[in-house]
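A.B. asks: Attaching a single structure in structure tokens format; questions to follow.
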Amino acid sequence: MGLAEIAPDVYLLRQPVLDVNATLIVGGEVAVVVDTLSTDAQAAQLRDAVRAVTALQLVLVNTHHHFDHCFGNNVLAADSPGCAIWAHEAAAAELRDHAARWQREWYDEWLPTHPDLARELAEVTVRPPDRTLHTESMMDIGGRVLELRHLGRGHTEGDLVVAVPDAPVLLAGDLVEEAGPPSFGDSFPIEWPETLAALLLSTAPGTTVVPGHGAPVDLDFVRAQHDELTALAWLIRDGHADGAPAEAVAAKAAYGPTVALTAVRRGYAELAGRL
Ligand SMILES: [Zn+2]
């Protein structure tokens, strides 16, 4: 499993299990790995692929706290002593304070369909991010500057995007999904469209967007996903105003009943001020 260069000195690794993306950005002084995959074995493959490209000191970034984006931190950081790990403060807090609970939950969630993955993610030593940001941080990696931004809540409370303006590439994490529908388990469906609108406003035309899962997309794809999420948010608002059961609202939504029901329940909780 190798890295594909999608822009000058920007390399993408697509991990087939869950079709997760990890991205390497090589600067003049350090190399940045955005998202670190699910297990020690996957992270070791990623490390070897990174080391086939560059010997530079590594910096890690996690787009959010879900295991498939950060459970490789420990293996990758061990390869680069003094390696900093960046995330949004909310994502870092989840991994610092609740890692054991998340690890149990995810083990139970994935055991029926992906037993090997479940067992391996339960064995990971979770290494929380040690550098956090609230809204924005610039990272000079030697001859190129990365922009780390929290644009609002969406897929989770602590989503981070990484812009590489000179490429131009934007790493969107699970705020944008290509491999399947958006994932709503820890989401904020009412705020998500506004967060994507902020992403579209802050991204230059012609930028390649790397989703959390699946193939890179263009801004038209992101605009279409924004419009779908906007329609869903209004469906949820209307249902909430009418006192409609979540199941009835989900039946009208675009993403299929199971995915939509999760979204509607999260949206109702958001509108009720319970999130
Ligand atoms: Zn996620």
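A.B. asks: Would you mind computing, in nm to one decimal, how far apart the modelled labels at residue 125 and residue 251 are, each placed 7 Å from Cα along Cα→Cβ?
C.D. replies: For the pair residue 125/residue 251, the computed spacing is 5.2 nm.
A.B. asks: Using r as the Cβ-Cβ distance of residue 200 and residue 101, and R0 as 35 Å, what FRET efficiency do you calculate, to the nearest 0.05?
C.D. replies: Between residue 200 and residue 101 the formula returns 0.50.
A.B. asks: What FRET efficiency do you get for residue 242 and residue 55 if R0 is 51 Å and r is their Cβ-Cβ distance, rounded to the nearest 0.05?
C.D. replies: So the FRET efficiency works out to roughly 0.25.
A.B. asks: Also, quick follow-up: With the Cα gyration tensor of the range 1-121 in hand, give its eigenvalues times 5 under a square root as the equivalent ellipsoid semi-axes, listed largest first in whole angstrom.
C.D. replies: Here the semi-axes work out to 24, 17, 11 Å.
A.B. asks: Using a simple spin-label model with points 7 Å from Cα along the Cα→Cβ vector, what separation in nm is obtained for residue 89 and residue 230?
C.D. replies: With each label placed 7 Å out from Cα toward Cβ, I get 3.1 nm.
A.B. asks: Let me ask something additional. Rounded to the nearest Å, what's the spacing between the alpha carbon centres of the range 167-245 and the range 248-275? Just the number, please.
C.D. replies: Between the Cα centre of the range 167-245 and that of the range 248-275, the gap is 15 Å.
A.B. asks: Roughly how tilted is helix 99-110, in degrees to the nearest 10 and between 0 and 90, from the longest Cα axis of the chain?
C.D. replies: The answer is roughly 70 degrees.
A.B. asks: Rounded to the nearest 5, what % of DSSP beta bridges with both residues in the chain are antiparallel?
C.D. replies: Antiparallel: roughly 65 percent of the beta bridges in the chain.
A.B. asks: Given only helices, namely DSSP H runs of n ≥ 4 each adding -39500 (n - 2.57), what is the per-residue ellipticity at 222 nm of the chain, to the nearest 500 deg cm²/dmol?
C.D. replies: Only helices count here, giving -11500 deg cm²/dmol.
A.B. asks: Please find the FRET efficiency linking residue 48 to residue 114, where r is the Cβ-Cβ separation and R0 is fixed at 30 Å, and quote it to the nearest 0.05. Don't skip to the end; give the middle numbers.
C.D. replies: Values: r = 23 Å, r/R0 = 0.76.
About 0.85, to the nearest 0.05.
A.B. asks: If I stretch the segment between residue 215 and residue 140 completely, what's the gain in nm (0.36 nm per residue apart, minus their alpha carbon distance), one decimal?
C.D. replies: Stretched out fully, the residue 215 to residue 140 stretch lengthens by 24.3 nm.
A.B. asks: In Å, what Rg and Dmax follow from the Cα atoms of the chain?
C.D. replies: Answer for the chain, Rg first and Dmax second: 18.2, 59 Å.
All of the numbers you see were taken from the coordinates with simple rules; none came from a lab. Computed from a predicted model, the values in this text were never measured in an experiment. Cβ coordinates were reconstructed from backbone atoms using ideal geometry, including for glycine residues, and neighbour counts include every protein chain displayed.
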